[in-house]
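Some notes on the structure that comes next.
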Amino acid sequence: MAKIYLDYAATTPLNPNVFKAMLPYLKQDFGNTSSIHSLGQQALGAIDEARAVLADFLGCDAQEIIFTGSATEANNLAVLGTVQAVKNKQPHVITTPIEHHAVLEPCRELEKQGVEVSYLPVDKEGLVTLADVKKALKPNTVLVSIMYANNEVGAIQPIQEIGQLIKKTSPKILFHTDAVQAVNYLDCNVEKLGVDLLTLSAHKIYGPKGVGALFVKNGILIKPLIYGGGQEAGLRSGTENVAGIVGLASAIKEIQNPKHKIQNIRTRQFRDKLIKNILKIIPDAHLNGSLVHRLPNNVNISFRGVEGEAIVIALDQKGIAASTGSACSSKSLEPSHVLLAMGFSEEEAHGSLRITLGRPTTPKDLERLLKVLPPIIQKLRQISGYQL
Amino acid sequence: MKPYYSKQVIEHFLHPKNLGKLKDADGVGKVGNPACGDVMELFIKVEKKNSKEIIKDIKFYTLGCAAAIATSDMACELVKGKTIQEALEINYQDIVGELGDLPPIKIHCSVLAREGLKAAVEDYRKKSKK
């Protein structure tokens, strides 16, 4: 029986074209970009080209792109790097409680250093409101960091409106968005969005693991996390992962391919049908997150009387890979911090199943899921003694 | 590849042998809390034989992860037919050992199963005093 992968928000397989683009830089074109001989200059040329691809995608200058070793690193650089670079003695930061840990943990680190951090509330659908952003802004606010689309429930935040609001309030306040889950599906033009910093990752968009990027608007003061040879305009020292960076750019080019834009529409149709069918077939189940402001590939459903982890393990036994809230949750026992922030009880937050679709997903895959899932839920409810 | 859960855990998770409720239970123990994700309810039937108290039958309901369900079932297997004294001597390492192994983060599940048994025995003692 062929395995079915439905965990594309965790990671994606490498696109064959991306692999092909990377291959020369893993083999004969192995130069170090800092070397002045031709092999080195060839590598430098490759990452310059990659930078131009990202700049075109984001609508920014090539020199505004900083390649990093992961999106986690890019988020850390955005949050810690900007706040630690400001002269303000009592800086204030605004974020949300539903950010990825790669933003939340640097914020907690800042709090330890005495920085005040405000966590905006989100509504039952996982959305931030403009009114709450407005209320939270203070004269000493230096950074607002709000994710573009959430990894667990797929909630899409009104980044453009928030960007406008922030710039209207004070052009000095920096606005960062973690766009890791959004890049595949949403408009990431930084000017349109009104963001000063934007994080993206390669392995969520059919590129390789181990490479991310941060857009840093020209003129922004930012303190590096890593010191050394001064690569990436001094913001990220360390010999560049040339093959990885070329892979990231190639993955971005694939996104720009109209073929994939059409595919995204198809993915959205699959998603809607899947949600409808699961809710129809399985009683006492409810969709978490917004139906309207939702990533086209995200399904997140809670089943009363059942733990999410148990569903994932049972599905795995049937050859289907899905997830609870976030892949990271398997390393901690805490219920999803996203669902808790959305106002769910701890019990409800434990019962969620995340299914994320991808380019290779077929209607057959989802039919199989629809066949396998109901008896699993039924059995687990029998085990928990849950009465419908 | 070492799977996340051992074969034994998966077997007891998918096909628990002691699932359900004892209608005429002599002791019921309910432990855990929804916040940590696991809630376990344990039912025991006790038979007195030559001044010994033997756990004649035992069943459970568990809302929780695969490890919580498997350890619940294994705890039942281990104590069925034993005296209360013997049953209480079973510790969480015994349960983990019988299941092959558990991921370190899931060890607490086996503690829960033991707590459930303790609670059921306490309930039995309370009831039999009356």
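The values are calculated or read from the model by the stated rules, or taken from the named source; none is laboratory data. None of the values given here were measured: they were computed from a predicted structure. As a convention, Cβ positions derive from the backbone with ideal geometry for all residues, glycine included, and neighbour counts pool all protein chains shown.
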Practice prompt. Kindly check whether there is at least one residue in region B:35-45 that is modelled with pLDDT of 95 or more, within 24 Å of residue A:312 (Cα to Cα) and among the aromatic types (Phe, Trp, Tyr).
Written response: no
Fill in: region A:124-142: number of residues that are within 19 Å of residue A:342 (Cβ to Cβ) and either in contact with a Ser or Thr (Cβ under 7 Å, 6 or more places away or on another chain) or crowded, with 21+ Cβ neighbours inside 10 Å (or both)
6
Worksheet item: Any residue at all in region B:66-78 that is more than 13 Å from the chain's Cα centre (by Cα) and either buried (at least 17 other Cβ atoms within 10 Å of the Cβ) or more than 30 Å from residue A:336 (Cα to Cα) (or both)?
Response: yes
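Results for (1) charged (D, E, K, R); (2) modelled with pLDDT of 95 or more; (3) closer than 30 Å to residue A:362 by Cβ; (4) exposed (fewer than 14 other Cβ atoms within 10 Å of the Cβ), shown as yes or no for each residue.
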{"residue": "A:2", "(1), (2), (3), (4)": "no, no, yes, yes"}
{"residue": "A:18", "(1), (2), (3), (4)": "no, yes, yes, no"}
{"residue": "A:42", "(1), (2), (3), (4)": "no, yes, no, no"}
{"residue": "A:94", "(1), (2), (3), (4)": "no, yes, no, no"}
{"residue": "A:111", "(1), (2), (3), (4)": "yes, yes, no, yes"}
Worksheet item: Which is farther than 30 Å from residue A:346 by Cα and of a type in the set (S, T, N, Q), of A:302, A:237?
Response: A:237
Worksheet item: Is it the case that residue B:112 is buried (at least 16 other Cβ atoms within 10 Å of the Cβ) and closer than 15 Å to residue B:29 by Cα?
Response: yes
Practice prompt. Might you let me know whether region A:45-67 holds any residue that is of a type in the set (Gly, Ala, Ser) and outside any helix (DSSP H, G or I)?
Written response: yes
Item to complete: Select from region A:196-239 the residues that are loosely packed, with under 14 Cβ neighbours inside 10 Å and of a type in the set (A, V, I, L, M, F, W, C) and write down the one among them that is nearest to residue A:178 (Cα to Cα).
Response: A:221
Discussion item. So if I check each of A:275, A:265, which one is in contact with a strand residue (DSSP E or B) (Cβ under 6 Å, 6 or more places away or on another chain), assigned to a helix (DSSP H, G or I), away from chain B (no Cβ under 14 Å) and surrounded by fewer than 23 Cβ atoms within 10 Å (Cβ to Cβ)?
Written reply: A:275
Discussion item. When you check residue A:145 against the structure, is it crowded, with 16+ Cβ neighbours inside 10 Å and free of Cβ contacts under 8 Å to residues at least 40 places away in the same chain, yes or no?
Written reply: no
Practice prompt. Having 3 or more residues that are of a type in the set (A, V, I, L, M, F, W, C) and in the same structural domain as residue A:225 (by TED's automatic domain parsing) is the bar; report the helices (runs of 4 or more DSSP H) wholly within region A:106-208 that clear it.
Written response: A:130-136, A:159-169
Worksheet item: Among the residues of region A:82-105 satisfying the criterion of being part of a helix (DSSP H, G or I) and of a type outside the set (A, V, I, L, M, F, W, C), which is farthest from the chain's Cα centre (by Cα)?
Response: A:84
